[in-house]
Amino acid sequence: MAGTPVAWRGTALAQNPTQLWGLLAIPGAGGRITLFTDGTPDATANPTAFHYGVTRDGAKHSIKPTFTKYYADEFRNPLITSISQVDMTIAAELLAVTDMDVVKNLLSGLGTYSTAAGYKQVTVGTTAITYQCLASIFPLIEDTTKWGVFNIYSTINEQGIEWAQTRKAMGGMPVQFSAYEVTTRAASDTAGNFWKQI
Amino acid sequence: MNANLESLAKIHGKDKAQAAYEELAELGGFGNVPSHYAGGLDIFSVLEPSNTVIDDKTKNKIAKLSGVDRKEADKMYKSGDIITSEQVKDNRV
């Protein structure tokens with residue numbers, strides 16, 4: 001008889017700032033977004049990559065399934081279950097409130113950006129809803145020269161924009177990007193990918 | 001290493017760019033991503049030598065359609081400038 005080795009996994013911790021990048025090129029089957037070794041999106045593969053800038057408290061990543069449990073009259077606990085829906089999201093509070101490029105990219109289906117001498121603006125009305133590939137990229141605790149990536153392939157910000165403009169506090173815009181299915185991808189890879197460099 | 005309507009129009013002409021985009025999306029397993037998708041298709045991610053999901057013949061087709069020289073692409077993978085498949089662990093959703 002013998003014990004089993006413990007595994008505290010003390011370096012697999014989440015405690016580092018992250019960078020939110022949107023308008024990325026979508027990776028193909030078996031691939032991941034192409035990153036330069038400094039952890040930013042490779043500029044050749046991702047010519048439109050857009051950095052959303054500083055955040056109040058980093059980003060919150062989630063993958064939340066909703067289970068439907070099936071019961072039999074003869075037993076009190078469920079016999080089987082199925083996943084009826086999944087919500088994969090990246091949420092954050094962005095601080096670059098007056099950056100019109102940020103605002104434009106948060107208002108898919110609503111915002112139209114324009115600029116001329118003396119102003120930049122986002123007009124609000126009806127436009128086509130456009131989805132984007134978004135990733136939260138952060139240095140790993142186990143090796144800060146390596147990167148963890150939480151990537152949603154097709155998403156829009158569902159929170160719109162809202163901030164408090166006041167002298168007493170720094171305004172921020174809470175955003176939440178939710179995944180939409182890319183239906184014709186491989187069944188195990190339709191929404192996104194959480195990966196890390198080793 | 002990125003394919004979008006604009007880059008494909010330069011290779012195939014404006015009239016055939018949409019068809020080329022759709023063929024690339026299918027060959028590379030990108031899914032039904034509309035051609036107005038802001039970021040385009042990450043061709044780097046599928047041509048990588050260690051990506052075994054896509055066979056070599058298909059990679060050649062993808063390279064030809066997207067105007068990529070595979071030898072040049074291989075140099076990039078070997079340069080150590082980008083993070084490649086051998087260096088990752090992942091979970092797909």
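The values are calculated or read from the model by the stated rules, or taken from the named source; none is laboratory data. From a predicted model like this one, the values you see are computed outputs, not experimental measurements. Backbone-built Cβ (ideal geometry, glycine too); neighbour counts: all protein chains shown.
General remarks:
- The single condition among (1) at the interface with chain B (Cβ under 7 Å from one of its Cβ atoms); (2) aliphatic (A, V, I, L, M); (3) outside any loop (DSSP other than H, G, I, E, B) that A:VAL149 does not satisfy is (1).
- Selection from the stretch A:1-54 of residues that are more than 10 Å from every other protein chain (Cβ to nearest Cβ), polar (S, T, N, Q) and buried (at least 20 other Cβ atoms within 10 Å of the Cβ): A:THR18, A:GLN19
- Those residues of the stretch A:96-127 which are part of a strand (DSSP E or B) and away from chain B (no Cβ under 14 Å), in sequence order: A:THR112, A:SER114, A:THR115, A:ALA116, A:TYR119, A:LYS120, A:GLN121, A:VAL122, A:THR123, A:VAL124
- Applying the criterion of being in a helix (DSSP H, G or I) and of a type outside the set (Asp, Glu) to the residues of the stretch B:82-93, the residue that is nearest to the other protein chains (Cβ to nearest Cβ) is B:GLN87.
- Filter result (in a loop (DSSP other than H, G, I, E, B) and more than 13 Å from B:HIS36 (Cβ to Cβ)) within the stretch A:128-145: A:LEU140, A:ILE141, A:GLU142, A:ASP143, A:THR144, A:THR145
- Put simply, of B:THR52, B:THR58, B:THR84 the only residue that is of a type in the set (Ser, Thr, Tyr) and modelled with pLDDT of 95 or more is B:THR58.
- Lone qualifier among A:THR112, A:THR89, A:THR155 - being closer than 27 Å to A:ASP38 by Cα, touching a Lys or Arg at 6+ places or on another chain (Cβ under 9 Å) and at pLDDT 95 or above: A:THR89
- Looking across the stretch B:6-38, the residues that are under 15 Å from A:SER154 (Cβ atoms) and either more than 7 Å from chain A (Cβ to nearest Cβ) or part of a helix (DSSP H, G or I) (or both) come down to B:ALA25, B:PRO34, B:SER35.
- Restricted to strands (runs of 3 or more DSSP E) entirely inside the stretch A:1-95, those with at least 3 residues that are basic (Lys, Arg) are A:55-70.
- Filter result for A:LEU134 (within 13 Å of another protein chain (Cβ to nearest Cβ), under 30 Å from A:GLN197 (Cβ atoms) and of a type in the set (A, V, I, L, M)): yes
- Residue list for the stretch A:165-189, filter: of a type in the set (Val, Ile, Thr), touching a strand residue (DSSP E or B) at 6+ places or on another chain (Cβ under 8 Å) and either part of a strand (DSSP E or B) or more than 7 Å from chain B (Cβ to nearest Cβ) (or both): A:VAL175
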